[in-house]
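Trainee: My questions all concern the structure below.
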Amino acid sequence: MKIAWKAVIVGCLMLFSCGCWDVKNVQYFNFVNMIGIDYVDGKYHLYAQINELASMAKQEGGVPVPNPIVVAKGKGESIGMAMYDLQKESQMRADWTQNKVFIFTDRLLEQGILEIDDEMMRTRDQRYTPWVFATDEDLAELFNTKPITGTSSVNTMYFQPNLLYKQMQSSFKPINYQSFIRSSREPYETALVDHIKLTENWDKDGKPMTLPIVNGLVALKQGKRQALFTREEVSGRKWLNEHTLRGLLPLKNERGKIAGGVSVKDNKVKITPAYKDGQRIVKLYISMDAFLRAQRQPFKLDQINAIVKKNLEDEIMKTYEAGKKRGVDLYSLNEVWYRKGLAVDDDIPGLELHIKVSLLATNMFELREPPAGK
């Protein structure tokens, strides 16, 4: 009898616990997929890009219908108040869990990202996975960027910058929010964030297209902006990224003119702290493979190796000097000393380079004499 009653009770409990009692109808939500934050006159200005989920999914057959971009705005004396101000006009519940991108203005980064991180992330709605960018452009204009092809705004550089990085292997390795905050909290590490500007170099149907491009890197120390560097100034930064898939290096002769080009890959990096003449330095060891891609004048094997090595040294040292001139440790050399438990000060250590290049198959560009008359 007791067993029968127990079975009845358990059955009733299972009956009441079944069903999708926490189901949510997505058509009743505004899904935010990009967030931008500015700081003007003592107030935080919050921008949110909203897209329909249907426009973000793959569609089979039929003619795609262009999806209008909706940019929501709010402002307040704190991030929480700015979000509340934005939601007042959202008509339906705003869902922040689908955010994939953070874009911070230079004004905000000068104020300090750590000032708002605690409040912004003190909610289960936000994640540490979104990509991070900086800009001095108007955020409303930036958020209204149309894709080159397709109908959804997620087909822009903001949402998958890693794909473009893998193809170009540039100095601009995209960073997510988790890595950004970790670097910003380290006492001697320099956080580097892609800086975006808008261009109109491309046309569509005979009319200029407004497209985003990474025009440099913003350096931050302990969450505050230090300086903005152009693409040319930080060109040497990419050679410190290990396991490069493909880095293109122009070969310049003794007169500084382009004499060819090589493709560099599989670079290995080792960094060690040391003293030299009583001064703190860092020894940087880089080894990599190179493939000849273009040849405008005859070279011998040892000549190419020497030119590649010198060009690499020039790029790396140019970036180092550009940072040192403005008091920015672009290579986070002090972090190397700090991690070894050694004494560190605010001075940027000297840099000693040791580069080894192995020229592999030259393919069709065999080391050859140029045609007669050239």
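Trainee: If I ask for residues that are charged (D, E, K, R) and farther than 21 Å from residue 195 by Cβ, which ones from region 100-131 would you list?
Mentor: Quick first cut of region 100-131, residues charged (D, E, K, R) only: 100, 106-107, 110, 115, 117-119, 122, 124-125, 127.
Those that are charged (D, E, K, R) and farther than 21 Å from residue 195 by Cβ: 118, 119, 122, 124, 125, 127.
Trainee: Condition first: on the phi > 0 side of the Ramachandran plot and either surrounded by 14 or more Cβ atoms within 10 Å (Cβ to Cβ) or not charged (D, E, K, R) (or both). Now tell me which residues in region 256-290 satisfy that.
Mentor: Of region 256-290, the ones on the phi > 0 side of the Ramachandran plot are 256, 260, 266, 277-278.
Passing the criteria: 256, 260, 266, 278.
Trainee: May I ask you to list the residues in region 229-243 that are in contact with a strand residue (DSSP E or B) (Cβ under 9 Å, 6 or more places away or on another chain) and buried (at least 20 other Cβ atoms within 10 Å of the Cβ)?
Mentor: 229, 233, 234, 237, 238, 239
Trainee: For the structure I just gave you, tell me whether residue 293 is crowded, with 20+ Cβ neighbours inside 10 Å and touching a strand residue (DSSP E or B) at 6+ places or on another chain (Cβ under 9 Å). First the steps, then the outcome.
Mentor: On the way: crowded, with 20+ Cβ neighbours inside 10 Å: no; touching a strand residue (DSSP E or B) at 6+ places or on another chain (Cβ under 9 Å): yes.
Taking the combined requirement at face value, the residue does not satisfy it.
We did not get these values from a lab; they are worked out from the coordinates using the rules stated. No experiment lies behind these values; they were computed from the predicted model shown. Note that we place each Cβ from the backbone using ideal geometry, even for glycine, and neighbour counts take in every protein chain shown.
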